[in-house]
Amino acid sequence: MAIWTLVITGCGTSHGNPPWGVPELWSSDPRDLRRRSGAALLGPAGQVLLIDCGPDLMQQLRDPFANWDGVGYPEQCICRCDGVLLTHAHADHSHGLNDLRHINRLMGGGGITLYGSAEHLDEVQAMFPYCFGRTNAYYHQGNPVLQTQAVDIGQQYHVGDLPVTPWPVEHGPAGLVLAWGLGDRAGYITDAKTIGAQTRSAMRGKDLLVLNMLQEDPHVSHLNWQECYEVLEDLRPRRAVLTHMGYSVRWQEWQDRLPPGVELAYDGWHDTFEVTL
Ligand SMILES: [Zn+2]
Ligand SMILES: [Zn+2]
């Protein structure tokens, strides 16, 4: 058995929150100051897997637990990446790709593999060809040198010794998103609007489940609270942590109303999970 740690390095929806330029929507609670969504999985031998690589990736890598004083050396920074589990190619999940070049440099330049669906990998390669080794003179000294591994639904992959399994969820009109099974007792679902029977079966009864929840009101492509609650009633995780929140979700207010075993993430939230596979 191995013990891994899951760190929510960002839990905000696509534009991050709270929004600036609208003072009445601001929050002074640091738990409402959310980077774009992502997570880091820290293994017992120092392995690091990332789930997504959104536009706040640099801050997520430098300060994964969101506890850095902003001045001194960030002792808990991430200097290694054994692989990136991509959920989909939306900007808030993939447009920090370029920041992987510094990690690659720290690791000696051997390259980092991005695991995702073939269609999402095609999208990110079309947007950022230089990140995948296609020559660009300007960046020739510091390319991220990413490799891709297209994954099959339900197939298990070992990434940094962690067995991971992709499962499909539907992002409303935005189409496919990959949820990831993490070992046998944890799972990560983001940007779901609906979750089919196959994925529900794979994600049922986990010790730790991360699930997206945007807001109270219905939304065309993300679970709102009512829909999220119905999923949790079905999947019955021992501990559920909600992520990818909108600005209207205030941590303290919601924490007081959530049922037992369900909590809101904040940037830097972390917990361990066992891997017995
Ligand atoms: Zn998103
Ligand atoms: Zn999305």
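The values are calculated or read from the model by the stated rules, or taken from the named source; none is laboratory data. Every value quoted in this text rests on a predicted model; they were computed, and no experiment measured them. Glycine gets a Cβ as well: all are built from the backbone with ideal geometry, and neighbour counts include every protein chain shown. What goes into the accessible areas is simple: the full protein's heavy atoms, side chains included, and nothing from ligands, DNA or RNA. Shrake-Rupley method; radii C 1.70, N 1.55, O 1.52, S 1.80 Å.
Among 45-52, 147-154, how do they line up by average Cβ neighbours within 10 Å per residue, starting with the highest?
Going by the mean number of other Cβ atoms within 10 Å, highest first, we get 45-52, 147-154.
How large is the convex hull of the Cα atoms of segment 1-82 per residue, expressed in Å³ as a whole number?
Taking only Cα atoms, segment 1-82 has a hull volume of 111 Å³ per residue.
Please list, in chain and number order, the residues 5+ apart from G268 or on another chain whose amide H is under 5 Å from its amide H, with Hs placed from the backbone.
I8, T9, G10
Expressed in nm to one decimal, what extension gain is obtained for the pair Q76 and R257 from 0.36 nm per residue of sequence separation less their Cα-Cα distance?
That works out to 61.9 nm of additional length.
Sorting check: for 226-234, 60-68, which peptide has the highest mean count of neighbouring beta carbons within 10 Å, and how do the rest follow?
Values: 226-234: 15.6, 60-68: 20.4.
The peptides rank, most packed first, as 60-68, 226-234.
Report the per residue volume, in Å³, of the convex hull enclosing the C-alpha atoms of segment 2-275.
Cα convex hull per residue, to the nearest whole number: 133 Å³.
So if we plug the beta-carbon distance of H15 and R239 into 1/(1 + (r/R0)^6) with R0 = 35 Å, what FRET efficiency do we get, rounded to 0.05? If you can, show how the numbers build up before the last one.
Values: r = 28 Å, r/R0 = 0.80.
E between H15 and R239, to the nearest 0.05, is 0.80.
Of the beta bridges DSSP finds with both residues in the chain, what % are antiparallel, to the nearest 5?
Antiparallel bridges make up about 55 percent of those DSSP assigns within the chain.
Any idea how far apart L176 and T276 come out in nm if each label point goes 7 Å out from Cα toward Cβ?
Between L176 and T276, the label points sit 3.2 nm apart.
Can you give the calculated 222 nm mean residue ellipticity of the chain, where each DSSP H run of n ≥ 4 adds -39,500 (n - 2.57) and the sum is split over every residue, rounded to the nearest 500 deg cm²/dmol?
Per the formula, -4500 deg cm²/dmol.
Per the 1.4 Å probe, what fraction of the accessible area of the chain, in percent, lies on carbon and sulfur atoms?
50
Per residue, how much accessible surface does the chain expose to a 1.4 Å probe? Answer in Å², no decimals.
Dividing the accessible area of the chain by its residue count gives 43 Å².
Once amide H atoms are placed 1.01 Å from N in the peptide plane, what residues at a sequence separation of 5 or more from R239, or on another chain, have their amide H within under 5 Å of its amide H?
L208, L209
Under the 0.36 nm per residue contour assumption, what length would be gained going from the current alpha-carbon distance of D69 and M127 to full extension?
The D69-M127 span can extend by a further 17.4 nm.
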